[in-house]
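Only the coordinates and a few stated rules stand behind these numbers; no lab work does. Computed from a predicted structure; not experimentally measured. Every residue, glycine among them, receives a Cβ derived from its backbone with ideal geometry; neighbour counts consider all protein chains shown.
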Amino acid sequence: MFSHQKGAQKPGSLPASENGQPAAPAIPLLSVVGERARMEGKFDIADSIQVECEVGGEMNVGGKLVIGEKGVVNANVQTVDAIIMGSYQGNMIATGNVEITDSGRVTGNITTDSLVISKGGFFNGNVSKMNELPNGQRPLYLDDVRTAQLSGQR
């Protein structure tokens, strides 16, 4: 939109491929919502989004959710990955990674396979592993079987 490159495209248009048809962008678009906005509702975002405002309700993000340092999200979220630099309150399910940075503040429950909390980051809630087996059972890996056999356990 604010490009200084030669042959810049019109806003909202895609570059043309060799056959004259619009070509798909090489990387998914990252939407940024400004700090003065305030939104409430149910949001379905196909790709990734960076939030620098106040959002409430429900969010379903098909890519990465980035809550910027000025972002405040009070919502139940389903996403692939999340980076929290601002404030988040709610229940989150992330099929990929969740990172709470040194400026991130999280209150709520997170279900994910990978959670990283940087020094200075704040987390108050429960975390559960994605696809965890019921009754506290854990998956049995090949190394566990060998160790159990060597020690005489099964």
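Details
- Computed from backbone phi, the HN-Hα couplings of region 87-104 come to 10, 10, 9, x, 10, 10, 10, 10, 6, x, 10, 10, 10, 9, 7, 4, 9, x Hz, rounded to whole numbers (Karplus: 6.51 cos²θ - 1.76 cosθ + 1.60, θ = phi - 60°; Gly and Pro given as x).
- Simple spin-label estimate for residue 70 and residue 44 in nanometres, 7 Å along Cα-Cβ: 3.0
- Cα gyration tensor, region 91-135 - rounded (a/c under 1.5), prolate or oblate: prolate
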